[in-house]
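The structure under discussion appears below in the form of structure tokens.
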Amino acid sequence: MELPHHHCVCETVLKSRDNGRIWDHELVSAVMSIAGDGVGDTRWKVPGVLDWGSMVYNPHVDVSSETTTLYASDRDVFLFLVDDTHPIEAGKLPNGEPDLFFRGFYAWNSEVGSKTLGIATFYLRAVCMNRNLWVRHGGAIN
């Protein structure tokens, strides 16, 4: 399958071969096969935090219940990971500093039918402590 080539958030929905149920643990296992535990053992990890006072993004934040982007409940699962230690320079800011972006994706599923399996990919500038995403186009994704 080829994903669309966009600079903004795009969503692609996937189904199993027989249109059957996809278990949440299957999504988690698939993501872990490329992202490990999400704590930096691969390029993909739980994102760091933007300090609004200094406007400095810190990719090295300990994962805790306040900083996690890995969520699961009795109804669904939502996983949000980034490659924020390998920035992409997209140009220069007005002050001459590099304009940096990071790759990111999120995936979701509900084995009880509240939503279908899906994935979205994007380029982002930073992640706030409240886990809003600041993307290349479109501002915050809430």
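Per-structure values
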{"item": "Stokes-Einstein D for the stretch 28-142, Kirkwood Rh over Cα pairs, 25 °C, 0.890 mPa s (µm²/s)", "result": "164 µm²/s"}
{"item": "Cα→Cβ-extended label distance, 7 Å offset, between Thr121 and His60, nm", "result": "2.9 nm"}
{"item": "In sequence order, calculated HN-Hα J values of the stretch 35-42 (Karplus, 6.51, -1.76, 1.60; Hz; x Gly/Pro)", "result": "10, x, 8, x, 10, x, 6, 9"}
{"item": "Value of Rg to Rh for the stretch 58-101 (Rh from inverse mean 1/r over Cα pairs, i.e. Kirkwood)", "result": "1.17"}
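Since every read-out is calculated from the coordinates, none of them should be taken as a lab result. Keep in mind that this is a model prediction, so the values were computed, not measured. Glycine also receives a Cβ, built like all others from the backbone with ideal geometry; neighbour counts cover every protein chain displayed.
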